[in-house]
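In what follows, a single structure is set out as structure tokens and then discussed.
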Amino acid sequence: MTTGAARPASAPRTPAPASAPARPARKARRERAVSTTYRLAPTAGPTSDDRSAFAHAAASEREQIFGHADLADGAVDRMRSLLNAWLHRDRDSVSLLWLDAWQASRRRPALLAEVGRQMNTDLDRLSAVIAGGIAAGDFEIEDPGASALQMLSLIDGLSVQAATRGILDYTPVRAMVIATTERLLALPPGALTQKSF
């Protein structure tokens, strides 16, 4: 029986470095989605990747915001949750994405069509929330679609704060959005007031 040379002793394994603490999943997903969409310069040629990246980012935010609101008890609390999300400074990155998409879509028909699809989907989701409130007797109004469109127009208009937050204080404008939403839904003043944004 022959014996081979003795094998050298294995070197001790170096423990793998500890991974950095994970960011909250919700914020990390939003940042990943938004980071893939900043190729919307108006001089660039339209690509399916640009459109799909924008669609993914917009849909992801919508599911996150409406999914969280669906956990609230009652239509008023759901509306309060939606406003809190839409008006919060944590949404600045998504607001900037929408600003870029609106601007770029003027010269890119395919992107314009995708922007329109996403806006109409937001409108449908908000209209459904308002319709549920009407059915439950929480909102004494007749046309959920009209109220939803007016609300989203206010939210979209306020997106500019994401680009100019360091120049102007938009606190009175956010208060106006809340007060106007209360009026559109026939709610008493203060019903949708938030603690902070």
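Brief remarks follow.
- R0 of 35 Å, Cβ-Cβ distance Leu71-Arg106: FRET efficiency to nearest 0.05: 0.40
- If R0 is taken as 35 Å, the Cβ-Cβ distance between Asn120 and Asp92 corresponds to a FRET efficiency of 0.90.
- For segment 120-126, the Karplus equation 6.51 cos²θ - 1.76 cosθ + 1.60, evaluated at θ = phi - 60°, returns couplings of 5, 5, 4, 4, 5, 5, 5 Hz by residue, with Gly and Pro reported as x.
- Segment 61-84 and segment 93-164 have Cα centres separated by 15 Å.
Only the coordinates and a few stated rules stand behind these numbers; no lab work does. As the structure is a computational prediction, the values presented were derived from the model and not from experiment. Cβ sites come from the backbone with ideal geometry, for glycine too, and all protein chains shown count toward neighbours.
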